[in-house]
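The structure appears right after this line, and notes come after that.
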Ligand SMILES: [Zn+2]
């Protein structure tokens with residue numbers, strides 16, 4: 001199923017809804033309506049998957065929210081309070097918290113906690129600024145605790 005099919009389905013869905021409302025069924029949930037809604041949700045999830053082009057990605061272990069692509073994984077050698085941490089060049093569907101200066105093993109950084117945009121779980125942190133020149137490469141990168149994510153294909 002491609003995006004074209006999805007748009008067609010949405011157009012059809014809005015027609016179905018218009019017909020539904022014209023019959024005066026504004027508040028009543030009917031089984032067929034629920035069935036169409038579940039098909040539509042399935043179509044949307046398929047189209048979201050298509051964005052990843054079949055590439056593996058990591059999702060929130062708590063709620064399956066897609067968070068980062070395998071292609072954006074830079075290093076697995078980070079240590080977090082829950083154990084191993086992965087560094088990604090980019091993450092999606094995250095909320096970046098208030099930044100603050102923190103002294104880590106490799107120097108002083110301005111970092112911000114990151115949270116899952118769907119369930120609010122604390123996932124790790126983002127390096128906003130590195131004060132040491134040798135650590136500048138970390139700026140903008142995110143660390144996600146291995147224990148908080150699941151790999152998907
Ligand atoms: Zn989540």
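The values are calculated or read from the model by the stated rules, or taken from the named source; none is laboratory data. Everything quoted here is computed from the prediction, not taken from an experiment. Counting neighbours? That spans all protein chains shown, and the Cβs are built from the backbone with ideal geometry, glycine included.
Tabulated results
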| item | result |
| --- | --- |
| Matching option when the condition is at pLDDT 95 or above, touching a strand residue (DSSP E or B) at 6+ places or on another chain (Cβ under 6 Å) and within 16 Å of the ligand (Cβ to nearest atom), among 128, 142 | 142 |
| Count - residues of segment 30-82 that are away from the ligand (no atom under 16 Å from the Cβ) and modelled with pLDDT under 90 | 25 |
